[in-house]
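**Q** Below is one structure. I have some questions about it.
Each reported figure results from applying straightforward, stated rules to the coordinates on display, with no laboratory input. These numbers come from a predicted model, not from an experiment. As a convention, Cβ positions derive from the backbone with ideal geometry for all residues, glycine included, and neighbour counts pool all protein chains shown.
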Amino acid sequence: MRKYSKAVIGVPPRFRGVTLETFDWKENAGVLSAVERFERRELQLLGLYGRPGVGKTHIAISLYRESIYGAISNALFLEVSELFNMVKSGYGENRNVLEELRVYPLLIIDDLMSGNCSATDMEIIAEIIKERYISKKQLLVTTNLLPNELERALGYHELSRLFGMGSWVEVKGEDRRMDV
Ligand SMILES: Nc1ncnc2c1ncn2[C@@H]1O[C@H](COP(=O)(O)OP(=O)(O)OP(=O)(O)O)[C@@H](O)[C@H]1O
Ligand SMILES: [Mg+2]
């Protein structure tokens with residue numbers, strides 16, 4: 001018996017109604033084709049960058065929703081600070097959260113490198129990238145940083161891995177939060 005509907009699990013209330021169909025792709029045809037390639041698993045990584053309010057989280061949540069079947073999801077969606085908190089709280093409980101994340105065919109990290117990252121945070125990101133890379137599992141990342149800013153924040157080695165895993169595309173448009 002299905003306990004949860006597709007719309008409910010893990011989707012922040014603000015994004016309950018969003019899907020790829022409700023996204024206006026007018027200015028983002030290139031992003032749509034990258035999203036479709038990612039869905040067909042032709043890309044291991046999809047990196048969405050762009051200014052605030054252009055719909056990066058909208059697209060990420062839509063892909064997450066598509067991975068939910070009944071009460072089961074093939075994906076895990078985490079805002080980057082949630083990810084750091086989860087991994088760090090695991091240290092105290094003797095749980096290796098990074099190992100637990102390995103089981104997900106798709107990991108979605110929203111807002112990568114937002115806020116100040118500690119050395120531990122950077123290590124967590126590096127570990128995740130390495131793990132996804134080696135296990136050939138999919139990673140979806142959103143960020144406000146431009147690729148060169150991300151490079152500076154992450155360090156070249158991690159970034160070259162990230163770039164090598166797939167495609168980075170800019171989501172363009174106006175800040176739609178202004179419309180609300
Ligand atoms: N092209 C679009 N078509 C339809 N809705 C959009 C589009 N772009 C943004 N939105 C809507 O605008 C709001 C803000 O979008 P979202 O939160 O996805 O932006 P973001 O790029 O993740 O911003 P931030 O970098 O601040 O996290 C959401 O309600 C989203 O559904
Ligand atoms: Mg966002």
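**Q** Of K137/K172; K136/K172; K26/K172; K130/K172, which ones are farther than 20 Å apart at the Cα?
**A** Flagged as over cut-off: K137/K172; K136/K172; K130/K172.
**Q** Still on this structure, please answer the following. Assuming 0.36 nm per residue, please report the length gained on full extension of the stretch N144 to R177 beyond their Cα-Cα distance. Don't skip to the answer; put the middle values down first.
**A** Working: separation 33, 0.36 × 33 = 11.88 nm, distance 1.50 nm.
Working it through step by step, the gained length comes to 10.4 nm.
**Q** Next question. Suppose R0 equals 25 Å. What FRET efficiency, 1/(1 + (r/R0)^6) with r the Cβ-Cβ distance, do N116 and T22 give to the nearest 0.05?
**A** 0.15
**Q** Given a cut-off of under 8 Å on Cα pairs at least six residues apart, what relative contact order in percent is computed for segment 28-173?
**A** For segment 28-173, the relative contact order is 42 percent.
**Q** With N denoting the number of residues in segment 94-138, provide Rg(C-alpha) divided by 2.2 N^0.38 Å, to two decimal places.
**A** Normalised Cα radius of gyration, segment 94-138: 1.18.
**Q** Something else now. Per residue of the chain, what 222 nm ellipticity follows from adding -39500 (n - 2.57) for every DSSP H run with n ≥ 4, rounded to the nearest 500?
**A** -12500 deg cm²/dmol, from helical runs alone.
**Q** Write down the Å³ per residue value for the convex hull defined by the alpha carbon atoms of segment 28-173.
**A** Working: hull volume 15.9 nm³, N = 146.
Convex hull of Cα atoms, per residue: 109 Å³.
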